[in-house]
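*Asks:* Pasting a structure here, questions to come.
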Amino acid sequence: EEIKDVVTPSHLIISIAAGVTLETMEKILGTEIPVIRVMPNTPCMVGKSASAFALGKFASESDSVLTHTLLKAVGEVTETKETLLDSYTGFSGSGPAYVYLMIEAMAEAAVRNGIPRDVAIRFAAQTVAGSAEMVLQRNTHPALLKDSVVSPGGTTAEGLAVLESKGFRGTIIEAVTAAKEKATALGKPSL
């Protein structure tokens, strides 16, 4: 609302406010202002973001191209329907926190097993980065890459059995869904 008196249809508003819909922003602005809603993530600070964006009803193809160019400068980007942006929020926008928690847990386990903390954090982060890069470069489903690491009766099989018995996969799915639902709730008008 603070900017509605100074923006004109020649401006482009790009919003990263989670859950705030294009319709809400367009209503607040009150005129035919082009608006684009973006869900980036914090790895944009190191040029490794995964950003999704949706066009408002007054945004043009050139606005889309400009937004794509801006976001591509800091990572991967895709244009999507607004109805999917809350889903992107749940897995990509919030995703770095889930990955950081995994890195933290892996490093903590390494420290418990005698590895110095600085090395444990660096190796846990590198393991995640390298694994992610293999998914991207090889264009292979993560399940196949996971299976390529597992030896029958080996250490990885043992560790995966513990993760599955503790509900790791289901917990990640529930966390992503909860974050998506929270983003959707943020976009609903309060009564």
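The values are calculated or read from the model by the stated rules, or taken from the named source; none is laboratory data. Everything numeric in this text was worked out from a predicted model, so none of it was measured. Note that we place each Cβ from the backbone using ideal geometry, even for glycine, and neighbour counts take in every protein chain shown. Ligands, DNA and RNA are excluded from the accessible area calculation, which covers all protein heavy atoms including side chains. Shrake-Rupley method; radii C 1.70, N 1.55, O 1.52, S 1.80 Å.
*Asks:* Taking 7 Å along the Cα-to-C-beta vector as the label spot, tell me the Thr177-Ala157 distance in nanometres, rounded to one decimal.
*Replies:* In this crude label model, Thr177 to Ala157 measures out at 3.1 nm.
*Asks:* Where a ≥ b ≥ c are the square roots of the eigenvalues of the C-alpha gyration tensor, would you call the stretch 74-179 rounded, which needs a/c under 1.5, or, failing that, prolate if a/b is larger than b/c, or oblate?
*Replies:* In terms of gyration-tensor shape, prolate.
*Asks:* Would you mind classifying the stretch 126-176 by shape? Square roots of the alpha carbon gyration tensor eigenvalues, ordered a ≥ b ≥ c; an a/c under 1.5 is rounded, otherwise it is prolate if a/b is larger than b/c and oblate if not.
*Replies:* In terms of gyration-tensor shape, oblate.
*Asks:* What is the ratio of the Cα radius of gyration of the stretch 1-69 to 2.2 N^0.38 Å, where N is its residue count, to two decimals?
*Replies:* Rg over 2.2 N^0.38 Å, computed on Cα atoms: 1.13.
*Asks:* Take the chain, connect every pair of alpha-carbon atoms lying under 10 Å apart with a spring to form a Gaussian network, then pick out the residue of Leu71, Leu160, Leu84 with the largest mean-square fluctuation.
*Replies:* Leu160
*Asks:* List the aspartates and glutamates whose alpha-carbon lies under 18 Å from that of Lys4, not counting same-chain residues fewer than 8 positions away?
*Replies:* The qualifying aspartates and glutamates are Glu23, Glu26, Glu32.
*Asks:* Name the residue, out of Thr171, Thr69, Thr155, whose mean-square fluctuation peaks in a Gaussian network model built on the chain with Cα pairs under 10 Å.
*Replies:* Of the options given, Thr155 has the highest mean-square fluctuation.
*Asks:* If you don't mind, another one. Between Leu70 and Lys146, what FRET efficiency comes out of the Förster formula 1/(1 + (r/R0)^6) with R0 = 30 Å and r the beta carbon distance, rounded to 0.05?
*Replies:* 0.30
*Asks:* By Kyte-Doolittle mean hydropathy of at least -0.5 and Cα axial length of at least 24 Å, which whole DSSP H helices of the chain are selected?
*Replies:* 95-112, 117-138, 168-186
*Asks:* For the chain, what is the percent of antiparallel DSSP beta bridges, rounded to the nearest 5?
*Replies:* Once the DSSP bridges in the chain are tallied, antiparallel ones form about 35 percent.
*Asks:* Compute the semi-axes of the equivalent ellipsoid of the stretch 61-111, taking the square root of 5 times each eigenvalue of the Cα gyration tensor, and list them largest first in whole Å.
*Replies:* So the three semi-axes of the stretch 61-111 are 32, 14, 5 Å.
*Asks:* Testing the spin-label approximation: label points 7 Å from Cα along Cα→Cβ at His11 and Val111. State their distance in nm.
*Replies:* In this crude spin-label approximation the distance works out to 4.7 nm.
*Asks:* Roll a 1.4 Å probe over the protein chains and send me the accessible area per residue for the chain in Å².
*Replies:* Averaged over the residues of the chain, the accessible area is 66 Å².
*Asks:* Return the whole-Å distance between the Cα centroid of the stretch 66-85 and the Cα centroid of the stretch 112-144.
*Replies:* Centre-to-centre (Cα) distance: 26 Å.
*Asks:* Given the -39500 (n - 2.57) contribution per DSSP H run of 4+ residues, what per-residue ellipticity at 222 nm results for the chain, rounded to the nearest 500 deg cm²/dmol?
*Replies:* -17000 deg cm²/dmol
*Asks:* For the chain, with a Gaussian network of springs between Cα atoms less than 10 Å apart, report the residue from Thr78, Thr156, Thr31 with the top mean-square fluctuation.
*Replies:* For the chain, modelled as a Gaussian network with Cα springs under 10 Å, the answer is Thr156.
*Asks:* Right, here's the next one. Tell me which label goes with the value of Rg and Dmax of the Cα atoms in Å computed from the coordinates here: [x] 20.5, 67; [y] 21.2, 71; [z] 19.1, 58.
*Replies:* [x]
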